[in-house]
Amino acid sequence: MLAIEQDSAEFGTANGMPGCFAWDIAQLAAGQLDVERNLVSLGEAWIGSVTVNRTALHQVRTDAGWGVAVLPAPESDAVYFEGRRLLAGDSVLLPPDSHLELLTHAAGRVYLIAFRGACAGPRVRLRRPRWYANADGRASSGFPGDVGALLARWNSVAGDSLSASALQARLLAWLRSATADAEPSDIEVPSLPRRRMAVERVRRFIHAHLAESMTLAELCRHAHLQARSLEYGFRDLVGLSPFKYIKMLRLGEVRRRLQTTSAAERSVSEVALDCGFCHLSQFAADYKRVFLESPSATRRGIERPRAARLVRYETDPVAFAAR
């Protein structure tokens, strides 16, 4: 197994990991965010999991030639894709050179399968993420229900080429089965309630204008909802009010920028202002409450030697804190 670099926001930074996809995580709840990332190679594919202990926003991006299938773990708290809750047995296929967002509530776990585009079969011509619903809704149905067990016992079969080949064959068979009805599968996507549609519309607006000043009236106009309905919709989907959601995204963006190697070129105040914060003292207090350290401490953390933050292991998965 391979544990990806602890301080990286992306999944594809460790030695030996192909640049086939990236997985960024932004926490949406205060406190220490623990992230466990597991990944194993199956020849032409990779299989793994991402587990977080707090509500978080996941952004997954694929490179040209690679697709990624994501599946909620049966034991996970709620996982949402485009406002729809993924149930046990559901999956979302992300085609090459595209991206998607997932929302996980509280203790969230998502399994992933990264594969070369051709592995899904010649019939698949996807341009955006596609939902696949499991007809019987059973967590144990087909390959998705076995992913966790496969990861747990990988070390016992990693040295057995026959067992590894069998797992890879089963993986590819599941992918082909899941995507066999790719063209007509749009009609199977669960309908989205009006309030959820409105929240997703406002979330897209927020992400596009994150550093700009936004008023409740403006958000309501984009949602075509009254303020109370918008508030209820956000709390239902995200677990936060609209403006708490905005604050958490801005804090996460400041943190991401402070963790870059160019962070020392600008002051913390300048970075905070660029991300939409006007009251710097309140920003500093909020930042420390959410991330349990000051902005300056975050920036100092990038001075640690890069090699010291890379962890390889051959036995049990390792849980680590995302910095």
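The values are calculated or read from the model by the stated rules, or taken from the named source; none is laboratory data. Source: prediction; values computed, not measured. Don't worry about glycine lacking a Cβ; one is built from the backbone with ideal geometry, like all the others, and counts go over all protein chains shown.
Here are a few things to note about the model shown:
- The condition of being farther than 30 Å from F291 by Cα and surrounded by fewer than 19 Cβ atoms within 10 Å (Cβ to Cβ) holds for only one of G43, G31, that being G43.
- Checked against the criterion of being at pLDDT below 80 and farther than 30 Å from H209 by Cα, region 291-302 contains not a single residue that satisfies it.
Listed here are the residues, each with its yes/no results for (1) assigned to a loop (DSSP other than H, G, I, E, B); (2) closer than 19 Å to R196 by Cβ.
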site	(1), (2)
A217	no, no
E231	no, yes
F277	yes, no
S281	no, no
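- In region 193-231, the qualifying residues are those that are acidic (D, E) and within 19 Å of G276 (Cβ to Cβ), and the one that is surrounded by the most Cβ atoms within 10 Å (Cβ to Cβ) is E218.
- Filter result (surrounded by 13 or more Cβ atoms within 10 Å (Cβ to Cβ), over 21 Å from the mean Cα position of the chain (by Cα) and touching a residue at least 40 places away in the same chain (Cβ under 8 Å)) within region 242-293: D274, C275, G276, L292
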